[in-house]
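A quick write-up on the structure given underneath.
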Amino acid sequence: MLFFLRTGNHLALVDCFKAGQCANLLVPTNEHYLPMLYVLGIQQKTEQLKFIHHSFDMGSISMRSFMLQG
């Protein structure tokens with residue numbers, strides 16, 4: 001999913017649940033995933049995606065955060 005964020009392939013992120021079991025393991029529930037899609041939906045052509053936090057909690061929970069910067 002990080003690849004799709006970096007390349008701006010938002011449609012692949014919307015349809016990620018069609019990717020099978022791996023996608024279901026990456027995003028077991030929607031409450032943290034769907035807000036990301038709302039933010040990406042309002043991204044302007046002049047705005048860049050900037051990663052502002054990268055870490056893992058308990059060894060496997062990604063705490064990656066981003067913001068739009070124009």
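All of the numbers you see were taken from the coordinates with simple rules; none came from a lab. Remember, predicted model here, so these are calculated numbers, not experimental data. Virtual Cβ from ideal backbone geometry, glycine too; neighbours counted across all protein chains shown.
For segment 48-64, take each phi angle, set θ = phi - 60°, evaluate the Karplus expression 6.51 cos²θ - 1.76 cosθ + 1.60, and give the result in whole Hz per residue in order, putting x for glycine and proline.
9, 7, 10, 7, 10, 7, 9, 6, 10, 10, 6, x, 9, 9, 6, 10, 4
Amide H of Arg64: which non-local residues (sequence gap of 5 or more, or other chain) have their own amide H closer than 5 Å, using H built in the peptide plane?
Ser55
How large is ³J(HN,Hα), in whole Hz, for each residue of segment 7-21 in order, when computed from phi with the Karplus curve 6.51 cos²θ - 1.76 cosθ + 1.60 and θ = phi - 60°, using x for Gly and Pro?
Each residue of segment 7-21 in turn: 8, x, 7, 5, 5, 5, 6, 5, 8, 4, 6, 7, 6, x, 4 Hz.
Just to be sure I understand, if you calculate percent of Cα pairs over 18 Å apart for this structure, which of [x] 40; [y] 44; [z] 54 do you get?
Here the calculated entry is [x].
Can you pull out the trypsin sites (Lys or Arg not before Pro) in the chain that DSSP calls coil and that have at most 16 other Cβ atoms within 10 Å? Let's see the in-between values first.
Details: sites: Arg6, Lys18, Lys45, Lys50, Arg64; in loops: Lys45, Arg64.
Qualifying residues, ordered by number: Lys45, Arg64.
Towards the positive end of the charge dipole of the chain, with charges on Cβ (+1 Lys, Arg; -1 Asp, Glu), say which of Ser65, Met1, Gln48 has the farthest Cα.
Gln48
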